[in-house]
Amino acid sequence: SAFPASLKQAFINLLLNAGEAITGLKGIVQIKTEVLNNDLFVTVKDNGEGISEANKSFVFDPFFSTKEYKIKNESGLGLYFTKKIIEEHNGSISFESRFKQGTVFMVSLPLKSLDLDAKDVLEMESD
């Protein structure tokens, strides 16, 4: 069964990371949602610093951070917990990134693990 508060935290973590990756005044964070075959797909895309090839394999490791500056309360646990939460809901998370060009995180969640079906989601979208 779904834990809305933890899912909310997982998506907040993705949005915060996207915002923190952006430098300068022309940053863009895009969020896209889609329902296909009883799965919810969410992408969070930014045009920030991206993740270097050397760091890609560590992104979901606990206490790992690509941030060169120390953000107050930064622990390096955000993406670790995000992945754990998504997987606890029988979902998956992956990413694609180009260094100095941006990153996109892709989340897939089965609607049944959210106690929803496609009809429920369509009704929410029309509200």
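Read-outs: derived from the displayed coordinates by stated rules, not from any lab. None of the values given here were measured: they were computed from a predicted structure. Here the Cβ positions follow ideal geometry from the backbone for every residue, glycine too, while neighbour counts run over all protein chains shown.
Test of understanding: express the Cα radius of gyration of region 1-54 as a ratio to 2.2 N^0.38 Å, with N the residue count.
Rounded to two decimals, the normalised Rg is 1.35.
May I ask you to derive the FRET efficiency for LYS56 and VAL35 from their Cβ-Cβ distance with R0 = 22 Å, giving the value to the nearest 0.05? Don't jump to the answer; show the numbers that get you there.
Details: r = 29 Å, r/R0 = 1.30.
Once the sixth-power term is evaluated, E becomes 0.15.
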